[in-house]
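Worksheet for the structure shown next.
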């Protein structure tokens, strides 16, 4: 349970008044550049006439992860987003120094998302983290942070949060993604430290770096609206699938040999144990080995680079809960014919996905099956 705390007021920002029922574009100074210029991140604050929860929605905490930036821009520009109560702090680019360099990391080579809650006398990353924490998180009751996979990978849209925290569980379920990954997040991560400070926070992971992908943007914007509706801050009916799966364990299936892959699954596919994932071939196309799923799973993420060396991650598989049948989830998705199926097809356009040959499938027990790492708490580019 998140601990109660006193929230910093939302109606004042750097001496500027933001009365209830108004919206303002403001800026937050977080650092200085090499040329002594003040680095200010642009922020949009939208307030309803009636008091209520304050929610932050942030993106590009890693500067190359801009799908969330596209989603937040869409929400800010949505003329129909009329808040009934409360306030929203929209931050399209949280890590402006990394964003300007098209990089995941800050100029000091640190990961801002391992630096929270930060320190006013620490490294560049730590000082930025402290300012973000003091000026954004401290004003909010809830948070949503939007991410993508890391470089050369793609993620099927999924929500991540500590499901042992009732308020985090509420946000995660309300967001409306099919897949919820249960976990607190890494030490020093934004959402983990926000939760520890009493501000329940979830993240969404979806898509690739350096892209604004229509299906991912729609998934993220829909999810934010769903959370605001659940908090009775926005009118309208939630748009979400009729089913959700909470994944407690995940693993990366890794290559044992170098080669060039032929993929047999797509991001978001619901697969069964022993189903072929990819065939490892030589540059001339001769088969070397095949990867198989070690359990019933959802394909959370995949490499988008088919050229691999031993030990490189190929597929991030989320283990389906006991009693969950892959065929049932696939049937739900077909019956709904909604955003989820659309996103699976869109993400697969970044890969060449082919059916495994009958000969390869028959050799399942003759080949050395490529390895997978030990199961553990959900891992990601977060």
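Derivation of every value follows stated rules applied to the coordinates shown; laboratory data play no part. Not measured: the values here are computed from a predicted model. Note: ideal-geometry Cβ built from the backbone for every residue, glycine included; neighbour counts use all protein chains shown.
Determine the distance separating the Cα centre of the stretch 84-132 from the Cα centre of the stretch 145-175; give it in Å without decimals.
Taking the Cα centre of each part, the stretch 84-132 and the stretch 145-175 sit 19 Å apart.
Based on the Cα coordinates of the stretch 1-129, what is the per residue volume of their convex hull in Å³?
Output value, Cα hull per residue: 139 Å³.
Round to the nearest 10 and give me the degree value, 0 to 90, for the angle of helix 326-336's Cα axis relative to the longest principal axis of the chain.
Taking the Cα atoms of the chain, the angle to 326-336 is about 60 degrees.
What are the radius of gyration and Dmax of the stretch 216-312, computed over its Cα atoms and given in Å?
18.5, 59
Between 0 and 90 degrees, rounded to the nearest ten: what's the tilt of helix 214-230 against the longest Cα principal axis of the chain?
50 degrees
Could you check the spin-label model distance between residue 322 and residue 114? Points 7 Å from the Cα along Cα→Cβ, value in nm.
Going from the residue 322 label point to the residue 114 one covers 3.5 nm.
With no solvent and one equal point scatterer placed on each C-alpha of the stretch 249-362, evaluate the Debye formula and give log10 I(q)/I(0) for q = 0.15, 0.18 Å⁻¹, two decimals.
-0.65, -0.92
Please work out the Cα center distance from the stretch 267-334 to the stretch 18-44, rounded to the nearest Å.
Answer, in whole Å: 43.
Mind ranking 96-107, 255-266, 146-157, 36-47 by how tightly packed they are, going by the mean number of other C-beta atoms within 10 angstrom, highest first?
Peptide ranking by packing, descending: 146-157, 255-266, 96-107, 36-47.
Report, for the chain, the % of DSSP beta bridges that are antiparallel, rounded to 5.
The answer is about 70 percent antiparallel.
Where a ≥ b ≥ c are the square roots of the eigenvalues of the C-alpha gyration tensor, would you call the stretch 32-105 rounded, which needs a/c under 1.5, or, failing that, prolate if a/b is larger than b/c, or oblate?
prolate
Simple spin-label model, 7 Å along Cα-to-Cβ: residue 8 to residue 353 in nm?
Label at residue 8, label at residue 353, 4.4 nm between them.
Which one, 51, 340, 135, has the greatest fluctuation when you compute a Gaussian network model over the chain with C-alpha springs under 10 angstrom?
Result: 51 has the largest fluctuation of those listed.
May I ask for the Rg/Rh ratio of the stretch 1-62, computed from Cα atoms with Rh as the Kirkwood radius, given to two decimals?
1.03
Assuming a ≥ b ≥ c are the square roots of the Cα gyration tensor eigenvalues, decide whether the stretch 45-87 counts as rounded (a/c under 1.5), prolate (otherwise, with a/b larger than b/c) or oblate.
oblate
Along its principal axes, what span do the Cα atoms of the stretch 12-230 show, with the longest given first and each in whole Å?
Here the Cα extents, ordered largest to smallest, are 43, 42, 32 Å.
Most mobile of 15, 143, 207 per a Gaussian network model of the chain (Cα springs, under 10 Å)?
15
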